[in-house]
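The values are calculated or read from the model by the stated rules, or taken from the named source; none is laboratory data. Keep in mind that what you see is a predicted model, and the values were worked out from it rather than measured. In this analysis, Cβ positions are derived from the backbone assuming ideal geometry, glycine residues included, and neighbour counts consider all displayed protein chains.
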Amino acid sequence: MCHSQTSTLSYEVLYMSPKAKSKAANPVESLSFEQAYKELESIVRKLEGGQLPLDEALALFERGQALAARCGSLLEAAELKVQQLRPQVGGVALEDFEASEA
């Protein structure tokens, strides 16, 4: 880790609330979809409340962006797995999930 990354990380952790610090200790990449989504919902509620200091709001926003990306990639992986597991009848190409509901 280079010096600028270290000082940025220290700065963010220094100004986070104790609860935000404990969540930041969990790398986003290690979270399940449910864990990431639950934490993202919590961050959205806090940010919408508008009562956070700017530094904490920025740190939470950044964490929220990473959590949203994690949820998106996990959903894409699940969709691909469903498509792979879905039987193909007569070599027919897979249809979009939304199209099959209509």
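Provide a single number: the residues in the stretch 40-88 that are in contact with a helix residue (DSSP H, G or I) (Cβ under 9 Å, 6 or more places away or on another chain) and either of a type in the set (A, V, I, L, M, F, W, C) or under 21 Å from Asn26 (Cβ atoms) (or both).
The total comes to 27.
Which ones in the stretch 7-65 are of a type in the set (Ser, Thr, Tyr) and at pLDDT 55 or above?
Once the filter is applied, which keeps residues that are of a type in the set (Ser, Thr, Tyr) and at pLDDT 55 or above, the stretch 7-65 yields Ser17, Ser30, Ser32, Tyr37, Ser42.
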